[in-house]
Amino acid sequence: MNKSHTEVWKNCLKIIRDIIPSVSYKTWFEPIVPLKLENNVLTIQVPSPFFYEYLEEQYIDILRKTIRREIGADAKLEYNVIMENASYADGKPYTVKYPSRNKTELNNKPVQVPFELTQPSIKNPFVIPGIKKIHFDPKLNPDYNFNNFVEGECNRLARSAGIAVGTNPGGTAFNPMMIYGDSGLGKTHLAQAIGILVKERYPDKIVLYVNANKFQTQFTESIRNNNKNDFLHFYQMVDVLILDDVHEFGGKEKTQDTFFHIFNHLHQSGKQLILTCDKPPVELQGMEQRLLSRFKWGLIADLQRPDYETRLAILRKKAYNDGIELPEEIFEYLAENISNNIRELEAALISLYAQSTLNRKEITVELARKMVEKLVSSTRKELTIEFIQKVVCDYYKIPVELMQGKTRKREIVQARQVSMYFSKNLTKASLASIGSRIGGKDHATVLHACKTVNNLMDTDKHFRTQINEIEKKLKV
């Protein structure tokens, strides 16, 4: 016979009462009211948002264990939070639903490492007397888990492969796993969700998330401080390495060389590598062929733009997690009119709710329409180096392939310099990355090109007009 919500909660309290101090029990558990039990989800009512936050921070482990004991391994907890100083027209208290965050302990355990790695007499950095402990912060965001990653046709393959990797890191054919797609489609979320799943199943494994720019900065610092061996050893101890935005390595030869050796060590040791990128390996510019070939060893999975149904599901999930209640027609309007990426979709939802709450306006389709118009008009499409090259070449009526070649014809060189000039001023790409993707040049060539363009603009009125016309085409 199925248990009722009151019976389940009564049995949970019997266990909790014996574990925690009586004062804490009276303060934090006696005010709780069980409301319902549906589909293995127990809903309890708590008297305030602070009450909810405190339970999640201090008692979520004991709540989770006792509820699963009563309901089963798939049991979930949901809160009905009474909002202070707010009520419905009939006088009943205003409540908001919040799911339990189900946060996992994401900290890596301390590991032992040599503290003198730079001595010239040391040949094997793993066998050295004199040991100290070092703490690895995994750099994972608890909210970037699989429960919050909505599945759709746009990401089904990548999500399924990610779960397989998280369940058996280093033990599948998906090593490395490369996730690619446009900005805002969930690459970082999926990559971190794999790391979180690993920590849930294998708490002792060392998981580390790092952005390519951060990796580059750390590497540069290690060279400056003459402790490159320490840097290498740090990364070689990781069990699951998640490297975000690997395309940022384009044109950075020394960084690529160092990562190549780290990649080899981890892969040969059966450790898992997860990479994210804005393009598939075949389209990456300024990357060494030996690295590109290794990126293709495992699985290359792409994330595409979500379809209408997936966008709708993402909005509902986001609203549920944030305790936002909106009419269904609002969800449908946002899903229909914002299709570029998930980040914009979620930002629109938060912006709409904030406007309604702060300005005390009812959330209507008309309010949503005005907000979407402002959001879309103020969000300019992010320029890429490839797009800049295309616009410049179209303006000068020359093929992109010719500009990418080695020809030194005056009109081709000038188009190349103009492309470098706009890429430096309108993108966040490094000089080395710009040069490698425009004719395979170095950073010094890019600096010279920008200086040449600036000088010509000061001295040649006709050339300045050309630059202004190209800039207008880029900013349309």
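Put in line by how crowded their Cβ is, counting other Cβ atoms within 10 Å and starting with the fewest, Phe219, Phe146, Phe249 read Phe146, Phe219, Phe249. Between 0 and 90 degrees, the angle of helix 385-396 with respect to the longest Cα principal axis of the chain falls at about 40 degrees. Taking 0.36 nm per residue of sequence separation and removing the Cα-Cα distance, the Lys397/Gln268 pair yields an extension gain of 41.5 nm.
Measuring nothing but alpha carbons in the chain and taking Rh as the Kirkwood radius, the Rg to Rh ratio lands at 1.04. The alpha-carbon of Lys428 sits under 15 angstrom from the alpha-carbons of these aspartates and glutamates, leaving out residues fewer than 8 places away in its chain: Asp245, Glu248, Asp278, Glu382, Glu386. To the nearest ten degrees, helix 365-378 and the longest principal axis of the Cα atoms of the chain are 30 degrees apart.
The Cα center of the range 329-350 and the Cα center of the range 165-218 differ in position by 27 Å.
Which entries in Lys214/Lys318; Lys139/Lys441; Lys296/Lys318; Lys187/Lys390; Lys441/Lys472; Lys228/Lys271 show an alpha-carbon gap greater than 23 Å? Where the Cα-Cα span goes over 23 Å, the pairs concerned are Lys214/Lys318; Lys139/Lys441; Lys296/Lys318; Lys187/Lys390; Lys441/Lys472. The simple spin-label model puts a point 7 Å past each Cα toward its Cβ; for Thr172 and Lys473 those points are separated by 4.5 nm.
Distance between the C-alpha centres of the range 290-328 and the range 387-402: 33 Å, rounded to the whole angstrom. Packing around the peptides 72-78, 417-423, taken as the average count of other Cβ atoms within 10 Å per residue, puts them in this order, highest first: 417-423, 72-78. Each peptide among 13-25, 162-174 gets the average number of other Cβ atoms lying within 10 Å of its residues, and from highest to lowest they stand as 162-174, 13-25.
For Phe387 and Arg305, what does the FRET efficiency come to when R0 = 22 Å and r is the distance between their Cβ atoms, rounded to the nearest 0.05? Mind dumping the intermediate values first?
Values: r = 17 Å, r/R0 = 0.79.
Using R0 = 22 Å, I get an efficiency of 0.80.
Label sites at Glu151 and Ile15, each approximated as a point 7 angstrom past Cα along Cα to Cβ, lie 2.8 nm apart. How tilted is helix 5-19 with respect to the longest principal axis of the chain? Cα atoms for both, answer in degrees (0 to 90, nearest 10). Rounded to the nearest ten degrees, it is 90. Along the Cα-to-C-beta direction of Asp257, a point sits 7 Å from the Cα; which residues of the range 207-234 have their amide N less than 18 Å from that point? Label zone hits: 216-233.
Could you rank the peptides 253-265, 432-444 by their average count of other C-beta atoms within 10 Å per residue, with the highest value first? Write out the running numbers ahead of the final one.
Values: 253-265: 16.8, 432-444: 20.3.
Ranking, from highest mean packing down: 432-444, 253-265.
Within the chain, antiparallel bridges make up roughly 40 percent of the DSSP beta bridges whose residues both belong there.
Rule-based calculations on the coordinates, nothing more; no lab input. Every value quoted in this text rests on a predicted model; they were computed, and no experiment measured them. In this analysis, Cβ positions are derived from the backbone assuming ideal geometry, glycine residues included, and neighbour counts consider all displayed protein chains.
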